[in-house]
Amino acid sequence: MSISSGSSFADRLRQVIGDEAVYAFGRRAGISDTALRSYLKGSVPGIDKVVKIAQVGQVNLSWLITGEGSPQLDSGSKTEYVYVPFVDVAASAGTGALVREESIESVIAFERNWLRAHLKGNPADLSLIRVQGDSMSPTLEDGDWIFVERQEGGDLSCEGIYVLQMDGDLLVKRLQRLPGSQVKVISDNPRFPPFVADLADPVNGLTLIGRYRGRISFD
């Protein structure tokens, strides 16, 4: 599921900056003038930069990312937030990215009701990671930030897109159940052929990390 909006991220950023000089806003946010101007022209920032912009601009992070809802921060006590960890590990949608260390770079606050409305799964079990490669194109593109619901026990409860670990690589692929403990690992890009792996084989098989629940789009 793609989370998008009618206005562009550049439009919303322009609204956040308002009448303040771009260089002055960037200095307060710790973002270079060059980078900010590139965002205003349509380039996509990293999620860490978006968090800084939302904090300095004192706007709703969900609105800044998606354009949905109100830009105003809700100071009411009824608003519940879920702090989703941003994991500094890339899940490869291509040839694979070696997992050396899974570290939480930061946590990002999302409204619980917003997450429930846009994503399936348990908000408390979500993480954000970045996709590398184009083997899942056009479903997922290189550089996409995706919500992953952490998987307990490693069982494939149903077919769909998953993040999995195999031979030291973290991959994002579509999985199809086969007889026994085998699964068919499928790339949405037809240039990448499917292959079969075994969930029960600790050496040559794969380990399920979590299920894909949605992506962040700055469209």
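Every number in this text was worked out from the coordinates using simple rules, so none of it is lab data. Values in this document were obtained by computation on a predicted structure and should not be read as measured data. Positions of Cβ are generated from backbone atoms using ideal geometry, with glycine treated the same way; all protein chains shown enter the neighbour counts.
Quick notes on this structure:
- Alpha carbon convex hull of the range 1-61, projected area averaged over orientations, nm²: 4.2
- Cβ-defined net charge surrounding residue 31, 12 Å radius [Lys, Arg +1; Asp, Glu -1]: +3
- Other-chain or far-sequence residues with amide H under 5 Å of residue 210's (modelled H): 151, 163
- All lysines inside 22 Å of residue 173 as judged from Cα atoms, apart from same-chain residues fewer than 8 positions distant: 120, 184
- Remark on residue 144: its backbone amide H falls under 5 Å from those of 131, a criterion applied only to residues 5 or more positions apart or on other chains, H modelled at 1.01 Å from N.
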